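All remarks here apply to the structure that follows.
The values are calculated or read from the model by the stated rules, or taken from the named source; none is laboratory data. Computed from a predicted structure; not experimentally measured. Every residue, glycine as well, gets a Cβ built from its backbone with ideal geometry; the counts of neighbours run over all protein chains shown. The area values use the complete protein model at the heavy-atom level, side chains included, leaving out ligands, DNA and RNA. Shrake-Rupley method; radii C 1.70, N 1.55, O 1.52, S 1.80 Å.
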Amino acid sequence: MSTLLDVRDLVKTFGEGETATHVLRGLSLTLDTGELAALLGPSGSGKSTLLTILGTLMKPTSGRYRMLGQDLVAADDAALTEFRNRHIGFVFQFHNLLPDFTALENVIFPTAVREGRETSAARRRGRELLVRMGLEDRVDFATTKLSGGQKQRVAVARALMNTPQLVLADEPTGNLDRASARQVMELISEINRDEVTTFLISTHDEKIAACCRRQIAVADGLVTG
Amino acid sequence: MLYGLKIALRYLTANKAQTALLVSGVAVGVFIFIFMSALIGGLAEFILSRTVGDISHVTIEAETPDPAVLVDAKGHLLVAVERGRLRTATLRDTETWTPLIEAIPDVRAVSPQITGAGFLARAAQVAQVSVTGLEPGRESAILDLEGYLVAGSARLGSGGIILGKNLADELDLSVGQVVRLQSSNGVSVVPTVGGIFQTGTGMLDRTSVYVSLPTARTLFGLPQGVTRLEIKLYDLNAADATALRIRGLTGLDAVPWTDGAEQLMEALNAQAQTGYFLKSFALITIVIGVASALLLSTYRRRPEIGIMRAMGARRGFVVFVFVTQGALVGLLGGVAGATLGYLALLPFPGRDEFRPGTLPMDITQGSYGLAIMLTVIGAILASILPARSAARVDPVTAIGQ
């Protein structure tokens, strides 16, 4: 398997001087294409900050971050936005769907925003993803009318819309009941297996972590195992 | 950016009550703008029509040549004796100039006139009057004698005279009675009262009398030529340009009504400035309303903006969505306000029917297109700040809210 991303000596510090908080303290990590990895660690260990930096939503204070051969520390906002849209998908703990849009409109958003319109091809793919998530009867439902588990499955479909190489999931099952959590994790495993999409899942739940082939432990801003 | 437009529309329709309130606020601003435009414009029109509507807009008067001072070759001063104080300057060749002037597009009517002073007498009663000789058929060319007539006819035949109501009352005259009119030259005629008018302007109603041009020639001893040409225009405001054009065309000293009307022009300008201020305040209200509503909207939608940015929406896309919202609110409010304004102005009498005591609202001066355009531009400008603020939203912070 080829290396998808490579992070070296990543440092992230919030604040300055005496109030400075060092969240990442020289963290290094490599992920290969097609990995299904769990990011484990207590609250405040730096998991979410690491995911945010890997998702190009935040820049590190120092260190190196390369993905698909591109230096993502040096890139400007426009380049990072473009990169994020094409290569990275997100699944958040609280689904974070657009409330005034239907399930299908939420799923196709990443493609539509890039192409400037909702193409029939995008609609077709969005519909297919929703069918795959078991939401064929919820395609045109307003997201406010969906259950928590359904919303999270819509969020997974949206993360996959642009066929990204990497999907970052921050506690994707943290807000779901056991059955829904299991359903979401089964979908993630299936997509990882079928489409060779790399998943990095931040979780507190050891059962969820056990579903992943690799577990990465983070403590005090460093990878510890 | 069709997709940006779709999102902007969705945001506007997502909260219909809030959008309706915002659009209503803009519409009220536009309504005020249009109402003020129609009122200020109508008022100016009314004042102009009441003050200069019935006077000549461009006047050509015969210039009185200075008396010659004759100096002989030996240096003795010879005095040229003016033959009487009442020598009248005349404009010749008016038959040539009149058709030329009438052919100018802005010119509505041309009236060759002979004017002078005189006395109107009935039995022992005598009144000093201003005599104007008018060409038959052009009696109402400048002053709308026909419109102001309260008795008789406005047609001036030979031997007829039309006079003001105050003068008629003073001399106890009525239509059909015979009077004696004596010019300052001492020539008398005995015309019959053919019509009595009332303009509402005391001076005019008390001292003006109108006779036919041939009668005036007899009175003032002018076998040919006239003393002045009065010209009425379709557009009062075109007087300066038309006077200039007539001067170029004829070489005659054409004087627009604006010469010597500085105080009136100043008053009208001041009124127009007041109108601009009021309309500007209406626009500022619109801009502040749209800006504050959109600022609130962007604040409320910060998490969504964060999600969009995380999903790959560029800053420019976010700016477009919110600016489009502003533009749509401006357009909807502008059209609604303009429609309301038009409907509200419909019951008012038209500009040609202004009467004392009524509000002189001119529906044609509502500036509807301008109001809509300025509102859209104002709303766009008002939305730029909130839109830029939205585009600067940090996705991490916003999603974490």
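Based on protein heavy atoms only, region A:3-223 ends up with 41 Å² per residue of surface accessible to a 1.4 Å probe. For chain B, the residue among B:280, B:358, B:19 whose Cα projects farthest onto the positive side of the dipole built from Cβ charges is B:19.
Computed from backbone phi with θ = phi - 60° and the Karplus coefficients 6.51, -1.76 and 1.60, the 3J(HN,Hα) list for region B:16-27 is 4, 5, 5, 5, 4, 5, 5, 4, 4, x, 5, 4 Hz; x is used for glycine and proline. Semi-axis lengths, largest first, of the ellipsoid equivalent to the protein assembly as shown are 92, 25, 18 Å, with √(5λ) applied to each eigenvalue of the Cα gyration tensor. For chain B, a Gaussian network of Cα nodes joined below 10 Å ranks B:147, B:164, B:316 by mean-square fluctuation, and the top entry is B:316.
Between residue B:104 and residue B:346, the contour length at 0.36 nm per residue exceeds the Cα-Cα span by 83.7 nm. Dividing the summed -39500 (n - 2.57) terms of all DSSP H runs of n ≥ 4 by the residue count of the protein assembly as shown sets its mean residue ellipticity at 222 nm at -14500 deg cm²/dmol.
Considering all C-alpha pairs of chain A, those separated by over 27 Å amount to 32%. Each peptide among A:197-204, B:165-172 gets the average number of other Cβ atoms lying within 10 Å of its residues, and from highest to lowest they stand as A:197-204, B:165-172. Normalising the average separation of contacting C-alpha pairs (under 8 angstrom, six or more residues apart) by the number of residues puts the relative contact order of region A:3-223 at 32 percent.
Give the relative contact order (percent, whole number) for chain B; include only Cα pairs under 8 Å separated by 6+ residues. Could you put the intermediate results ahead of the total?
Details: 708 pairs, mean separation 104.8, N = 401.
Result for chain B is 26 percent.
Expressed as a whole percent, the proportion of Cα-Cα pairs in chain B lying more than 32 Å apart is 57%.
Using a probe radius of 1.4 angstrom, the carbon and sulfur fraction of the accessible surface of region A:87-175 is 45%.
Amide H contacts for residue B:177 (H built 1.01 Å from N in the peptide plane; partners 5 or more residues away or on another chain; cut-off under 5 Å): B:193. 3J(HN,Hα) along region A:20-36, derived from phi through the Karplus expression 6.51 cos²θ - 1.76 cosθ + 1.60 where θ = phi - 60°, amounts to 5, 10, 8, 8, 10, 10, x, 6, 10, 7, 10, 10, 9, 4, x, 6, 10 Hz, with x in place of Gly and Pro. Taking chain A as a Gaussian network of alpha-carbon nodes connected by springs under 10 Å, the highest mean-square fluctuation of the residues A:210, A:159, A:20 belongs to A:20. Exceedance of the 27 Å cut-off in Cα-Cα distance is limited, within the set A:151/B:16; A:151/A:207; A:12/B:6, to A:12/B:6. Summary of the geometry: region A:81-140 and region B:247-319, compared by the centres of their Cα atoms, lie 41 Å apart. At a probe radius of 1.4 angstrom, the accessible area of chain B per residue rounds to 49 square angstrom. Using a simple spin-label model with pseudo-atoms 7 Å out from Cα toward Cβ, residue A:76 and residue A:147 lie 4.8 nm apart.
The phi-based Karplus calculation (6.51 cos²θ - 1.76 cosθ + 1.60; θ = phi - 60°) puts the 3J(HN,Hα) values of region B:169-175 at 5, 4, 9, 6, 9, 9, 4 Hz, whole numbers, x for Gly and Pro. Ordering A:184, B:287 by accessible surface, largest first, gives B:287, A:184; the 1.4 Å probe counts only protein heavy atoms, with every chain in place.
May I ask for the accessible area buried between chains A and B, both sides summed, probe 1.4 Å, to the nearest 100 Å²?
For chain A against chain B, roughly 2300 Å² becomes buried.
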